[in-house]
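Down below is the structure, laid out as structure tokens.
The values are calculated or read from the model by the stated rules, or taken from the named source; none is laboratory data. Just so we're clear, the structure is a prediction, and the values are computed from it rather than from any experiment. Glycine gets a Cβ as well: all are built from the backbone with ideal geometry, and neighbour counts include every protein chain shown.
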Amino acid sequence: MSRVQLEYPSSRRAVVLEASLSAGTTLTTIFLASRSPSHVLEFSGAFITSFLALFTTLTVWKILKTEKALAIIFSKGEYEELRRGGLQEFLRGLAVVYAALALFVVLPPVVALGLVMGALTAKGFADSIHYLYVRRLEKAHGTRMVAYIESTDREGWYKLCISTA
């Protein structure tokens, strides 16, 4: 079985790009809110609500998962997790896109746009915070975490392995 080594949780370049896009989304949100004073409360309320909810949820989930992985790495040497890939992962991503589009049908467009912009911004900033958290942990423990993706015998599945370098 082949193993592909990756940076954990992602590369510095990817984090800088994601943080830049999130900052750009935030600036776009501020611009849009300032251009329509009649809808600023609806738009800003939706943005802040979705941002805070998703940012908090993702950040806490990623930090707890990293803590669990680190405990297993220090006891067993490697953390392994089976993940579903291929068609299942594609369909999951497609469902998220269609759910975001469905918001525009169900909710007023101003509120839907605020929710989507808040979610996009929250995802980027949560990933950036997680990256900084992992780097701080690595510095505290004097090690570097790396990830490996490995194929499995099961169709449509792959194994994510995290260990120290």
field: Meets criteria (basic (K, R) and out of contact with any Phe, Trp or Tyr (no Cβ under 9 Å at 6 or more places or on another chain)) for K68
entry: no
- prompt: Take the residues of the stretch 107-146 that are closer than 23 Å to E78 by Cβ and of a type in the set (F, W, Y): which is farthest from the chain's Cα centre (by Cα)?
  reply: Y133
message: touching a Phe, Trp or Tyr at 6+ places or on another chain (Cβ under 9 Å), closer than 25 Å to L120 by Cα and of a type outside the set (K, R): is that true of T49 in this structure?
response: no
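Given the condition out of contact with any Asp or Glu (no Cβ under 9 Å at 6 or more places or on another chain), among the charged types (D, E, K, R) and assigned to a strand (DSSP E or B), answer yes or no: does some residue in the stretch 136-154 qualify?
To start, the set of residues in the stretch 136-154 that are out of contact with any Asp or Glu (no Cβ under 9 Å at 6 or more places or on another chain) comprises 136, 138-143, 149, 151-154.
After this cut, where a residue has to be among the charged types (D, E, K, R) as well, the list is 136, 138-139, 153-154.
Still in the list and also assigned to a strand (DSSP E or B): none.
Taking every residue of the stretch 136-154 in turn, none turns out to be out of contact with any Asp or Glu (no Cβ under 9 Å at 6 or more places or on another chain), among the charged types (D, E, K, R) and assigned to a strand (DSSP E or B).
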- prompt: Is there any pair with a first residue in the stretch 1-16 that is of a type in the set (S, T, N, Q) and part of a loop (DSSP other than H, G, I, E, B) and a second that is at pLDDT below 90 and surrounded by 13 or more Cβ atoms within 10 Å (Cβ to Cβ) whose Cβ atoms are under 8 Å apart and which are 6 or more apart or on different chains, and what are they?
  reply: S2/E150; S2/S151
- request: Considering every residue within the stretch 69-77, establish whether at least one is exposed (fewer than 13 other Cβ atoms within 10 Å of the Cβ), within 30 Å of L103 (Cβ to Cβ), at pLDDT 90 or above and not polar (S, T, N, Q).
  value: no
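Filter the stretch 59-96 for residues that are assigned to a helix (DSSP H, G or I) and of a type in the set (F, W, Y); which is farthest from K123 (Cα to Cα)?
Of all residues in the stretch 59-96, those assigned to a helix (DSSP H, G or I) come to 59-76, 86-96.
Remaining after also requiring of a type in the set (F, W, Y): 61, 74, 90.
Numbers: W61: 12, F74: 29, F90: 18 Å.
My answer is F74.
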